[in-house]
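A quick write-up on the structure given underneath.
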Amino acid sequence: MYQAREQRYDVMRMTLAWVLRDGRMTSALIGASCVEQTEQNVAALANFSFTAEELAGIDAIMSQPG
């Protein structure tokens, strides 16, 4: 996903931010294997925002069949 590379975030952090951007979503399960990964994910969320163009691109990818 080009959006993650442009913002210097990995796909996991971008995905986590995308899932949690919806106010109806109260939590997300992550597969962090160490405390450092959890800390990085939380830190990324504090500064992660999407433009309308990025959201449209992600939504287009997510709406494609399996």
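The values are calculated or read from the model by the stated rules, or taken from the named source; none is laboratory data. Because the structure is a prediction, the values reported are computed rather than measured.
Only residues that are under 13 Å from Thr15 (Cα atoms), polar (S, T, N, Q) and in a helix (DSSP H, G or I): list them for region 40-57, please.
Result: Asn41, single match.
If I filter region 1-42 down to residues being among the hydroxyl-bearing types (Ser, Thr, Tyr) and at pLDDT 80 or above, which single residue comes out as farthest from Ile58 (Cα to Cα)?
If we take residues in region 1-42 being among the hydroxyl-bearing types (Ser, Thr, Tyr) and at pLDDT 80 or above, then Ser33 is farthest from Ile58 (Cα to Cα).
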